[in-house]
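Throughout, read-outs are computed from the coordinates displayed, never taken from laboratory work. Nothing here was measured: the structure is a model prediction, and the numbers come from that model. Counting neighbours? That spans all protein chains shown, and the Cβs are built from the backbone with ideal geometry, glycine included.
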Amino acid sequence: SHGDFEGAEVSFRQAHALGWDPQPGLVRLHLMTGRPELALRGLERALDEADWTLRERRGQVLCLLVHASVAAGRPERGRSALEDLSADPHMLATEALRAMHCGAEAELALHDSEYKAAAQQLRRAVRHWREIGSPAGEAEARLRLAECLLLVDDRAGAELELHAVESHLAPATLPYRGRIDALRQALHAAGAFPG
């Protein structure tokens, strides 16, 4: 579904805002239009070709690779990317990278139906993005968390996350109107609140 690719889209935009645009445009487009295999190929190429004098850049690509791998139905590739990340602490040297890493861990946990672990990682991601002052990153992590909480029928928790997004992060949520509406409908259908 379209929503699966928006998380990676935000990670890309975030990387760009942090002063580096990995595989500009093209990989983003592939993820947004539901072609994660192409995104994956672009990221693998970036890993092979780039001169990795800046290990943080490699960290960013590996985090994005996890999202693309899971979306492409190749979770094992995502797992090995996470192993590469934990092998080199320099690749997670910044708050933004730690936030992206938590988001990547959460995607694999969700894939494995480990919802509690996923929610934990997403709450960490929220804290890191807040620390940096990134409304886009925080909004994305909170929406993913709301989706995760709905999967375990924690409607009150999902409602709280949605409320936080809609009340505090409004300008950053424009790209997610569709997801927010879908979450609202799911909560309504589940009878989370009257009206």
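Values computed for the structure shown
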quantity	calculated
Signed unit charges on C-beta, dipole axis of the stretch 72-139, positive-most listed residue P89, A119, A72	A119
The stretch 74-195 - percent relative contact order, Cα under 8 Å, separation 6 or more	18 percent
Kirkwood Rh and Cα Rg combined as Rg/Rh, the stretch 27-171	0.97
Two-site label geometry, E49 and D181: point separation in nm, points 7 Å out along Cα→Cβ	3.8 nm
Rg followed by Dmax, in Å, when the stretch 89-195 is reduced to its Cα trace	13.8, 50
Förster radius 30 Å - calculated FRET efficiency between E114 and A93, Cβ distance, rounded to 0.05	0.65
From the C-alpha gyration tensor of the stretch 52-119, square roots of 5λ in Å	20, 13, 9
Check: the stretch 37-94 dipole with +1 on Lys, Arg Cβ and -1 on Asp, Glu Cβ, in debye	140 debye
